[in-house]
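Since the structure comes first, as structure tokens, the remarks are kept for the end.
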Amino acid sequence: MLNKYARAFFTRVLTPFATFLIRRGVSPDTVTLIGTAGVVAGALVFYPMGEFFWGTVVITLFVFSDLVDGNMARQLGRSSRWGAFLDSTLDRVADGAIFGGFILWYAGDGDDLVLCAVSIFCLASGQVVSYTKARGESIGLPVAVNGLVERAERLVISLVAAGFAGLHKFGVPGIQYLLPVALWIVAVGSLVTLIQRVVTVRRESAEVEAAEGAQEKPQNASQGSEAAK
């Protein structure tokens, strides 16, 4: 749902900024690289220190590069396989940094091995969820399913919760518990999404194989009749 509606909204909002960058001679690949570097820095510098508010502010400023670079490529008419590959690959790097920041916090000063394990599961399951779709599509299947918690949902839930949890350092009581709740939601949602995609790929694969088998039967029957003649 977020991919469908929020992406369209922010694409319209960010179009003037994308146009500005094009006029300044900035390439889409440069925006992709800078955006990823900013997300990684925000996550791995601030989150391990427990500075969730400022870390989220920095990440949010750079995470929109994922929309800006694509917008620029479309305006320039340069949408390419390389651009799509680079964007998708660096998305995985950014996701890993965000949840890696949570892991470092809970393994260190956060001192909570359970939430450290949950964060590790969020990181791993997020990567696998993305892989299942990419792998399914690479073998010619549409993987036509909208998962419960896809990348957009993972980021929004985690970053919003982390940002608000960071307000605890400004004296807001009890709000620090939002992040653990969010991580559990992302973990469970990612598991459900992974199951949804695996089941979808299994069904689509069976349908394709059944259709191919149905096409082979008339051909075999035709060949058999010709041999009988």
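Report whether or not residue 45 is more than 27 Å from residue 132 (Cβ to Cβ) and without any contact (Cβ under 8 Å) to a residue 60 or more places away in the chain. Walk me through it before giving the result.
Working: more than 27 Å from residue 132 (Cβ to Cβ): yes; without any contact (Cβ under 8 Å) to a residue 60 or more places away in the chain: yes.
Considered against the rule, which asks whether it is more than 27 Å from residue 132 (Cβ to Cβ) and without any contact (Cβ under 8 Å) to a residue 60 or more places away in the chain, residue 45 comes out as yes.
Could you check residue 129 against (1) open to solvent by 20 Å² or more (accessible area, probe 1.4 Å); (2) outside any loop (DSSP other than H, G, I, E, B); (3) not hydroxyl-bearing (Ser, Thr, Tyr) and say which number it fails?
Evaluating residue 129 over (1) open to solvent by 20 Å² or more (accessible area, probe 1.4 Å); (2) outside any loop (DSSP other than H, G, I, E, B); (3) not hydroxyl-bearing (Ser, Thr, Tyr) leaves (1) as the failure.
Can you tell me which residues in the range 132-155 are among the hydrophobic types (A, V, I, L, M, F, W, C), farther than 16 Å from residue 97 by Cβ and either under 9 Å from the mean Cα position of the chain (by Cα) or surrounded by 21 or more Cβ atoms within 10 Å (Cβ to Cβ) (or both)? Can you show your working first?
Start the filter on the range 132-155 by keeping residues that are among the hydrophobic types (A, V, I, L, M, F, W, C), which leaves 134, 139, 141, 143-145, 148-149, 152, 155.
Add one more test, that the residue is farther than 16 Å from residue 97 by Cβ, and what stays is 134, 139, 141, 143-145, 148-149, 152.
Scanning the range 132-155 gives 149, 152.
In this structure, is residue 116 at pLDDT 95 or above, open to solvent by less than 50 Å² (accessible area, probe 1.4 Å), in contact with a Lys or Arg (Cβ under 8 Å, 6 or more places away or on another chain) and among the hydrophobic types (A, V, I, L, M, F, W, C)?
no
Considering every residue within the range 117-124, establish whether at least one is assigned to a helix (DSSP H, G or I) and more than 18 Å from the chain's Cα centre (by Cα). It would help to see each step written out before you state the result.
Looking only at the range 117-124, we keep the residues that are assigned to a helix (DSSP H, G or I), and these are 117-124.
Filter once more, keeping what is more than 18 Å from the chain's Cα centre (by Cα): 117.
Yes, there is a match, as at least one residue in the range 117-124 is assigned to a helix (DSSP H, G or I) and more than 18 Å from the chain's Cα centre (by Cα).
Provide a single number: the residues in the range 56-86 that are under 18 Å from residue 130 (Cα atoms) and at pLDDT 90 or above.
Matching residues across the range 56-86 total 2.
Identify, by number, the condition in (1) surrounded by fewer than 17 Cβ atoms within 10 Å (Cβ to Cβ); (2) modelled with pLDDT of 95 or more that residue 162 doesn't meet.
(1)
Among (1) open to solvent by 80 Å² or more (accessible area, probe 1.4 Å); (2) under 18 Å from residue 52 (Cα atoms); (3) not in a helix (DSSP H, G or I); (4) not aromatic (Phe, Trp, Tyr), which single condition is residue 172 missing?
(1)
The values are calculated or read from the model by the stated rules, or taken from the named source; none is laboratory data. This one's a predicted model, so the numbers in the text were calculated from it and none came from an experiment. Counting neighbours? That spans all protein chains shown, and the Cβs are built from the backbone with ideal geometry, glycine included. Heavy atoms of the whole protein, side chains included, go into the accessibility calculation; ligands, DNA and RNA do not. Shrake-Rupley method; radii C 1.70, N 1.55, O 1.52, S 1.80 Å.
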